[in-house]
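Novice: I'd like to ask you about the structure that follows.
The values are calculated or read from the model by the stated rules, or taken from the named source; none is laboratory data. In this text, all values refer to a predicted model and were calculated from it rather than measured experimentally. Here the Cβ positions follow ideal geometry from the backbone for every residue, glycine too, while neighbour counts run over all protein chains shown. These accessible areas exclude ligands, DNA and RNA; they are computed on the full protein's heavy atoms, side chains included. Shrake-Rupley method; radii C 1.70, N 1.55, O 1.52, S 1.80 Å.
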Amino acid sequence: MIHNVYISIGTNKGNKVNNCHLAIKNLRNISKISEISSFYKTSSWGYEDDFYLNFVVQIRTIFSPNILLDKLFFIEKEMGRIRVSNRYESRIIDFDILFFDNLVLESSKLTIPHPQLYFRKFVLIPLLEIAPNLMCPQKKIKIFDLLRECNDQNSVEKFLFENK
């Protein structure tokens, strides 16, 4: 069975543009990418640090949610991410599964929809760009309405760069 999945990706360490492109390349090795949002420059969320680049991808995958999560963690590790705690911290790359089909799942390992997406403009804005008609399976409202309800005051702006 082919699953429709939305993943948020962010980085604020090293060469951020290269990190984003490498994340995309690595994702292509495990799934088919259907859509990629623009990159967005955003302030750190939950702590003070250098700016992030964030974007959202839509993929089609044969993997179950837990297998996909394991594969994403493997990519993070291969790219140099070291998970030291559950607190917010700088990272070379971060993958978050936002939506997986119309699944609502809560386990010790994974929660879908991602529980923090409702509070993060840096997730909702790029998600709206590539999936304006997507309906949240938990709240039963569209992404535009989730964004309208979001109280996040952090800056989120399209990041323009020369692609050489």
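Novice: Kindly provide the set of residues from the range 1-23 that are out of contact with any helix residue (DSSP H, G or I) (no Cβ under 6 Å at 6 or more places or on another chain), within 16 Å of GLN58 (Cβ to Cβ) and either open to solvent by 10 Å² or more (accessible area, probe 1.4 Å) or of a type in the set (Ser, Thr, Tyr) (or both), ordered by number.
Specialist: ILE2, HIS3, ASN4, TYR6
Residue-by-condition table, conditions (1) farther than 19 Å from LEU53 by Cα; (2) free of Cβ contacts under 8 Å to residues at least 12 places away in the same chain:
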position: ILE75; (1), (2): no, no
position: VAL84; (1), (2): yes, yes
position: ASP96; (1), (2): no, no
position: PRO115; (1), (2): yes, yes
position: TYR118; (1), (2): no, no
position: PRO126; (1), (2): no, no
position: ILE130; (1), (2): no, no
position: LEU134; (1), (2): yes, no
position: LYS142; (1), (2): yes, yes
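Matching residues to (1) surrounded by fewer than 13 Cβ atoms within 10 Å (Cβ to Cβ); (2) more than 16 Å from SER43 (Cα to Cα); (3) in contact with a His (Cβ under 6 Å, 6 or more places away or on another chain):
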| site | (1), (2), (3) |
| --- | --- |
| ARG120 | no, no, no |
| ILE125 | no, no, no |
| ALA131 | no, yes, no |
| MET135 | no, yes, no |
| ILE141 | yes, yes, no |
| ARG148 | yes, yes, no |
| ASN151 | yes, no, no |
| ASN154 | no, no, no |
| PHE159 | no, no, no |
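Novice: Moving on. If we scan the range 145-156, do we find a residue that is over 17 Å from the mean Cα position of the chain (by Cα), assigned to a loop (DSSP other than H, G, I, E, B) and free of Cβ contacts under 8 Å to residues at least 12 places away in the same chain?
Specialist: Within the range 145-156 (the criterion being over 17 Å from the mean Cα position of the chain (by Cα), assigned to a loop (DSSP other than H, G, I, E, B) and free of Cβ contacts under 8 Å to residues at least 12 places away in the same chain), the answer is yes, since at least one residue qualifies.
Novice: Also: Kindly evaluate PHE122 against the criterion of being of a type in the set (Phe, Trp, Tyr) and assigned to a strand (DSSP E or B).
Specialist: In short, no.
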